[in-house]
1. Among F108, A141, P128, flag the residue with its Cα farthest along the positive direction of the charge dipole of the stretch 78-237, charges on Cβ as +1 for Lys/Arg and -1 for Asp/Glu.
2. Between N54, N186, N76, which gets the highest mean-square fluctuation from a Gaussian network model of the chain, Cα cutoff 10 Å?
3. Whole Å is fine, so just give me how far the alpha carbon centre of the stretch 153-168 lies from that of the stretch 85-133.
4. How large, in percent, is the carbon and sulfur part of the accessible surface of the stretch 127-285 at a probe radius of 1.4 Å?
5. Using a probe radius of 1.4 Å on heavy atoms only, what accessible surface per residue do you get for the chain? Whole Å² is fine.
6. Return the distance in nm (one decimal) between the two label points of a simple spin-label model at V165 and A195, each offset 7 Å from Cα along Cα→Cβ.
7. For the chain, set up a Gaussian network in which alpha carbons nearer than 10 Å are linked by springs, and say which option among G122, G22, G171 fluctuates the most.
8. Using a Gaussian network for the chain with springs between C-alpha atoms less than 10 Å apart, which of these wobbles most: P185, P227, P247?
Amino acid sequence: MRSIRQPGRPAPARIQWAEARGRAFSFVLEAGLPLLEATRRGFAAAGFAGGVLNIKGGALGPFAYVMPALSKTGENAAFYSETFRPAGITRLKLGAMTLGRRDGAAFFHCHALWTEADGRAGGGHILPEEAVVAEPFEVDAFGIDGAVFTAEPDPETKFKLFGPVPSAATGAEATSRVYALRLRPNQDFAAALEAFCREHGIARARLHGGVGSIIGARFADGRIVEPFATEMAVRSGAIVSGEDGAPQATLDVALVDYLGGIAVGRLTRGDNPVLMTMELVLEVL
């Protein structure tokens, strides 16, 4: 399986996780607010400090983003491009977001695909400080209580990355047992989830959110993405029992690579290793 050498020593535990309680809900992002504040308010109104969400459409402007890029210094296995600030209204097609905490304040990690005002299709990493909700739009959220995604320095990748950390439960209304996960580099996305579910006795689960990167991509229909640096959002995902009774992951994703290529589809199990990170919530069914 493909792998990319990271600058730091691999952590012994390849999945960072925290058990919590959670609930699915929807809310409308308020126009005129920064995307970060609109998202924070939506979660807070439902009683949650954070969680994950999936985007099915929407409008942002002003808007700024970066794409995956090669590292110019060699200090990281890959890096970010310069900042792009397209004019006009950018129309989101789909995306995924993790809402957590960084430096003591609310922060998000969001990857998406979109169409810019001039008709150009794009994708990448949305900058929380420079994205404003242009028109109200609804998102599908999943709040978690008892864990929070917290940005901390990661010695392996030399980035500051979100990872789930246990926190005091607030008593928010919750309906499901969940696991907040961060997958570390150089392990297959599906295989890592399947192994986690086996170890925790999970036969069926639904994925919520899903923000991260994989090393290129291999799709179930035979398509291949060769450029190794990507930014990926999970469109939908599930864990079911296979014919042998073992957990089996189904992962439908969208991504952009560092050359600007866009790909959408179902990943092949066993051949899509994580590049930097993968954040998500597993809802046990």
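The values are calculated or read from the model by the stated rules, or taken from the named source; none is laboratory data. Here the structure is a predicted model, which means the values were calculated and not measured. Reconstructed Cβ throughout: ideal geometry from the backbone, glycine too, with neighbour counts over all protein chains shown. Side chains included, ligands, DNA and RNA excluded: accessible areas come from the protein's heavy atoms. Shrake-Rupley method; radii C 1.70, N 1.55, O 1.52, S 1.80 Å.
1. Result: A141.
2. N76
3. One Cα centre to the other: 21 Å.
4. Carbon plus sulfur share of accessible area: 49 percent.
5. Normalised by residue count, the accessible surface of the chain is 41 Å².
6. If labels sit at V165 and A195, their model points lie 2.6 nm apart.
7. Taking springs between Cα atoms under 10 Å, the residue moving most is G171.
8. Taking springs between Cα atoms under 10 Å, the residue moving most is P227.
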